[in-house]
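All of the numbers you see were taken from the coordinates with simple rules; none came from a lab. Remember, it's a predicted structure, so these values are computed and weren't measured experimentally. Ideal geometry is used to build each Cβ from the backbone, glycine not excepted, and the neighbour counts take in all protein chains shown.
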């Protein structure tokens, strides 16, 4: 374990801002992309189920009328 | 075959003379704006001149890309062109060269005059004109691909520039670089020959790619 | 037993194949990221020249590699989709673009943050940085063209053309930018002398790039499945899949 203490691990030899800046943005980008992908899937399924509902509804109306 | 297209397009362009002039005036205005922005300091202007003139030429030719196919697309002649037995690539080559004649050549003729505004030396002006002469047809040929892809799309004008600008970068680099190299005494031979190479490559490849794109857009 | 590869070229069967593969890649990505970061931060020694700032290399170089590879792979899938009219290949190409653009942006961002302590400026008109920026424009051009066209078939083919034209231009752009850079300021800033690669640094970087691969494949497969659902919504198998899901 080459870091004497957690504090100098975060200071990263004085370059902490740059190192953690880039890693934080990387994590943010990856998390953001995952969120976007799943959000796209969720809205699609919701949209599909709406169509599904309406077609089922129409069928029911036809059979009852 | 493409001569017929060129001749027809030139005829059309002459009837709508304003189209030709707007591109030219856009070029003149953009080039003249820079000194106002940067200041009259001569040797700054002199070093900046090739870049400014080339970027302005790039933008001017890209502005008029949208019109390359849209008029024919709207009145259906493009449809006939696709169906005609003639090879589409030749027709497209004709249209691209017609576009170059209408927009590229006036820029080339105008650039020495504007060069004087930037106090460029005589041989620098010569190299600038030569590089524009070699470069502007490439702009029209590659731009034709972008114009064909974005045929009939809403917001097509902006989209063309987004698609085509990254592809223009090598031409801009060597075009502006030619003048700078000649000014620095290195001689512009290398740059001009590379521009010539781009021209030959795009003369062969671009019409074929544009033909494929037209078929896709007109499906 | 001859594997019938073409079975998986139909969106329906590929949907379920991808479904089974995604968990594998996700787990692999998580494990490799953990190992890579551990090596990067806790095992790799301090660099004698750059101190600790060089640790950005563990995300910067993989991201740059990924951005270039993903563009080429996207162009290949787009080319296959254009040539063989296979809808699934074009869907793959469309799915790859956002991840590629994300990695390009990441490479630029981490590059700038690494450049600041090393060269004192956020941005240097170095050949590789500039070509990376142009690569980002190519990605954005591809995605905006596909977004502007409503009919999916035309969007796929138009995207394929611009992707192929782009991939042909990448070497040209790279060399012209390299020529332009060396001509102008003469490589005062030479990035090529990267830190002498100690063994652990190299392994850390390789593990991180494999981790990025796994992550990219997983995200792209998920996005492909979503695109398949979007485009096949009217088909029977999506309807029945929908029925099951409720």
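Result for chain B in a Gaussian network model with C-alpha springs under 10 Å: among B:207, B:85, B:137, the largest mean-square fluctuation is at B:85.
Given the -39500 (n - 2.57) contribution per DSSP H run of 4+ residues, what per-residue ellipticity at 222 nm results for the protein assembly as shown, rounded to the nearest 500 deg cm²/dmol? Walk me through the numbers before you get to the answer.
Numbers: 19 runs with 428 residues, N = 530.
It lands at -28500 deg cm²/dmol.
Would you please state the base-10 log of I(q)/I(0) at q = 0.07 1/Å for the protein assembly as shown, with intensities from the Debye formula using one equal scatterer on every alpha carbon? Calculated log10 I(q)/I(0) at the listed q: -0.50.
Summarised in one figure, the compactness ratio Rg/Rh of the stretch C:48-183, Cα atoms and Kirkwood Rh, is 1.06. Relative to the longest principal axis of the Cα atoms of chain B, the long axis of helix B:2-15 makes an angle of roughly 70 degrees.
Diagonalising the gyration tensor over the Cα atoms of the stretch B:96-167 and scaling each eigenvalue by 5 before taking the square root yields semi-axes of 29, 12, 10 Å, largest first.
Which of the peptides A:43-49, B:106-112, B:92-98, B:35-41 is most tightly packed, and how do the rest follow, going by the mean number of other Cβ atoms within 10 Å of each residue?
Highest mean packing first, the order is B:92-98, B:106-112, A:43-49, B:35-41.
Reducing the stretch B:102-173 and the stretch B:1-67 to their Cα centroids gives an inter-centroid distance of 7 Å.
Going from the residue with the fewest nearby Cβ atoms within 10 Å to the one with the most, B:102, B:204, B:55 rank B:204, B:55, B:102.
Both the radius of gyration and Dmax for chain C are 20.6, 65 Å, in that order, over alpha-carbon atoms. The stretch between residue B:113 and residue B:154 holds 11.0 nm of extra length on full extension. This uses 0.36 nm per residue minus the Cα-Cα distance. Per residue, the convex hull spanned by the Cα atoms of chain A amounts to 106 cubic angstrom. Within the stretch B:1-45, find all residues whose amide N lies under 14 Å from a label point positioned 7 Å from the Cα of residue B:75 along Cα-to-beta-carbon. Under 14 Å, as judged by backbone N against the label point of residue B:75, lie B:8-17 of the stretch B:1-45. Label sites at residue C:84 and residue A:17, each approximated as a point 7 angstrom past Cα along Cα to Cβ, lie 5.3 nm apart.
GNM remark for chain B: springs join alpha carbons under 10 Å apart, and the peak mean-square fluctuation among B:51, B:115, B:185 falls on B:185. Please grab the % of Cα pairs in the stretch B:23-147 that end up more than 22 Å from each other. Result for the distance tail: 41 percent. So what is the relative contact order of the stretch B:70-206, in percent, for Cα pairs below 8 Å that sit 6 or more residues apart? Computed over the stretch B:70-206, the figure is 27 percent.
Quick check: the angle from helix B:156-183's long axis to the longest principal axis of chain B, C-alpha only, nearest 10 degrees? On a 0 to 90 degree scale, this one is about 40.
When chain B is treated as a Gaussian network with alpha carbon springs shorter than 10 Å, the biggest mean-square fluctuation among B:23, B:77, B:129 belongs to B:77. Legend: ranking of residues C:123, C:114, C:109 from fewest to most surrounding C-beta atoms inside 10 Å; resulting order C:123, C:109, C:114.
Across peptide C:169-181, how many C-beta atoms of other chains are within 10 Å of each residue C-beta, on average? Whole-number average of other-chain Cβ neighbours for C:169-181 is 4. If you plug the beta carbon distance of residue B:83 and residue C:237 into 1/(1 + (r/R0)^6) with R0 = 56 Å, you get a FRET efficiency near 0.90.
Computed extension gain for residue A:31 through residue A:60, at 0.36 nm per residue and net of the alpha carbon distance, reaches 6.1 nm. Per-residue mean of foreign Cβ neighbours for A:23-32 is 5 (Cβ atoms of other chains, 10 Å radius).
Its Cα gyration tensor gives the stretch B:3-218 an equivalent ellipsoid. The semi-axes, each the square root of 5 times an eigenvalue, are 32, 18, 14 Å from largest down.
Taking every C-alpha pair closer than 8 Å and separated by at least 6 residues, the mean separation divided by the residue count of chain C gives a relative contact order of 35 percent.
The fewest-to-most ranking of B:18, B:32 by surrounding Cβ atoms within 10 Å reads B:18, B:32. Site pair residue B:186 and residue B:123 shows an inter-label distance of 1.6 nm when each label is modelled 7 Å from Cα along Cα→Cβ. Helix B:17-38 and the longest principal axis of the Cα set of chain B meet at an angle near 30°.
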